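The values are calculated or read from the model by the stated rules, or taken from the named source; none is laboratory data. Nothing here was measured: the structure is a model prediction, and the numbers come from that model. Reconstructed Cβ throughout: ideal geometry from the backbone, glycine too, with neighbour counts over all protein chains shown.
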Amino acid sequence: MTDFNADTTELSRGRPPLGTIGVIVALVLLIPTVLFYSIAPDELLKAGVTIFSDGRQRAYLADPGRYEGAGYQDYCVLEPRDRLTIVQPPQRPDGSLLACVERTDPADVPFCPPQAAVFIRPQQVVQKQNPWGEFKDRLGRLLSR
């Protein structure tokens, strides 16, 4: 009679632990990213720097007349993590800066139209996207399918 337990233990000892190796590889790839985002200093708010909306924010259109026909008043709404490029650093008395919305897909009112120039305050933006928030959003979209 054959001892099945002895055969399976010998087989399992001969195989590499792929699950453990996969976790180690994921950690090796993930840890530098997290460290970079948490330690790297923010860049100065100057023309040409890319920034991101920190949550859903109201931004005031630099040229509201240009978008009146589309139904906009004097402001539009930025979605969380909307990408913006600074056109003019904070020089206004209220501390706001002029930025261009870097969106290519059309947006419905009240969301900011593509390539619109908007005034936004530095407190409403971040220079680095939160890697945990991005991971959580992607995981949520993947699981909702």
Pair list, Cβ < 8 Å and 6+ apart or interchain, from the range 123-139 residues that are in a loop (DSSP other than H, G, I, E, B) to residues that are polar (S, T, N, Q) and at pLDDT below 70: none
Working carefully through the options THR85, THR104, find the one that is among the β-branched types (Val, Ile, Thr) and either modelled with pLDDT of 90 or more or not in a loop (DSSP other than H, G, I, E, B) (or both). THR85
Would you call VAL109 in a loop (DSSP other than H, G, I, E, B) and aliphatic (A, V, I, L, M)? yes
Is it the case that some residue within the range 99-114 is within 15 Å of ALA47 (Cα to Cα) and in contact with an Asp or Glu (Cβ under 7 Å, 6 or more places away or on another chain)? yes
Residue count, the range 68-98, condition closer than 16 Å to VAL126 by Cβ and within 17 Å of the chain's Cα centre (by Cα), comes to 9
Does the range 58-67 include one or more residues that are at pLDDT 85 or above and over 15 Å from VAL101 (Cβ atoms)? yes
Can you name the residue in the range 57-89 that is under 30 Å from ARG138 (Cα atoms) and either free of Cβ contacts under 8 Å to residues at least 12 places away in the same chain or among the aromatic types (Phe, Trp, Tyr) (or both) and is also surrounded by the most Cβ atoms within 10 Å (Cβ to Cβ) among such residues? TYR75
